[in-house]
1. Taking the conditions exactly as written (under 18 Å from the mean Cα position of the chain (by Cα), open to solvent by less than 60 Å² (accessible area, probe 1.4 Å) and of a type in the set (Phe, Trp, Tyr)), does Phe63 satisfy them or not?
2. Since Asp77 meets every condition but one in (1) closer than 30 Å to Gly110 by Cα; (2) modelled with pLDDT of 95 or more, which condition does it not meet?
3. Looking at region 136-151, I want the residues that are under 12 Å from Ala22 (Cα atoms) and free of Cβ contacts under 8 Å to residues at least 12 places away in the same chain and have a partner that is among the hydrophobic types (A, V, I, L, M, F, W, C) and open to solvent by less than 60 Å² (accessible area, probe 1.4 Å) with Cβ atoms under 9 Å, at least 6 apart or on another chain. Which pairs are those?
4. Hey, does region 38-58 have a residue that's open to solvent by 10 Å² or more (accessible area, probe 1.4 Å) and assigned to a strand (DSSP E or B)?
5. Would you tally the residues in region 6-30 being in a loop (DSSP other than H, G, I, E, B), open to solvent by less than 60 Å² (accessible area, probe 1.4 Å) and not hydroxyl-bearing (Ser, Thr, Tyr)?
6. Of all residues in region 65-75, which are free of Cβ contacts under 8 Å to residues at least 40 places away in the same chain and within 13 Å of Leu131 (Cβ to Cβ)?
7. Between residues in region 46-64 that are aromatic (Phe, Trp, Tyr) and residues that are in a helix (DSSP H, G or I), which pairs lie under 7 Å by C-beta distance while being six or more apart or on different chains?
8. Where in region 67-155 are there helices (runs of 4 or more DSSP H), lying fully within it, with 1 or more residues that are under 22 Å from Tyr24 (Cα atoms) and open to solvent by 60 Å² or more (accessible area, probe 1.4 Å)?
Amino acid sequence: FDVITADPIHPWTRGSAYLYTAEYYRLAASRLAPGGVMLQWLPLYATDPDVLRAILAALRSEFPYVYGFVLDRAVPDLMLLATTEPLDPSDVPGFESLPPAVRSDLYRVGTRSTAEIWSLLRLLPEDIDALIAGFPVTNSDDNLFVELRTPWLLYADQFAAPGAGPMDR
């Protein structure tokens, strides 16, 4: 495949955390054509920094280059683009060259130019590496880290101090 997209169920839903493991990413990488990319949706609500790091470590263990994009500046989600080769500015198409349906979707989230497409980029591979440096857990089928941790985080905001979210702790 040239592209594999993964928009699975939230990691805190029973059984879905396996779609955020090193083994899953290894399988996806083995099915990509040379130069292919994987795009993984990752919700950031009902998560914490350790869950984020464990998932990033799993994806990074199989792909040397991982980039984090937001889709909508008002929604706590990441789109993780994983590749075997680094991205070049020419790899991101100009806004005007996109199909009308794609431009329409981008308009919906307030993106109306090539520069604004680039503004959705939040994490470079070196940022991913810095986030996971020294973190001892890579989410895998063997440790069930995300599956066992995320259900506890689902309603954590209800018990937090006013104004504090799970990413603030």
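The values are calculated or read from the model by the stated rules, or taken from the named source; none is laboratory data. Bear in mind the structure is a predicted one, so any value in this text is a computation, not a measurement. Every residue, glycine as well, gets a Cβ built from its backbone with ideal geometry; the counts of neighbours run over all protein chains shown. We work out accessible area using only protein heavy atoms, side chains counted, and drop any ligands, DNA or RNA first. Shrake-Rupley method; radii C 1.70, N 1.55, O 1.52, S 1.80 Å.
1. yes
2. It is condition (2) that Asp77 fails.
3. Between residues of region 136-151 that are under 12 Å from Ala22 (Cα atoms) and free of Cβ contacts under 8 Å to residues at least 12 places away in the same chain and residues that are among the hydrophobic types (A, V, I, L, M, F, W, C) and open to solvent by less than 60 Å² (accessible area, probe 1.4 Å), the close pairs are Asn143/Ala54; Asn143/Val137.
4. yes
5. Selection size over region 6-30: 4.
6. Answer for region 65-75, where residues must be free of Cβ contacts under 8 Å to residues at least 40 places away in the same chain and within 13 Å of Leu131 (Cβ to Cβ): there is none.
7. Phe63/Tyr25; Phe63/Ala29
8. The qualifying helices (runs of 4 or more DSSP H) are 125-132, 145-153.
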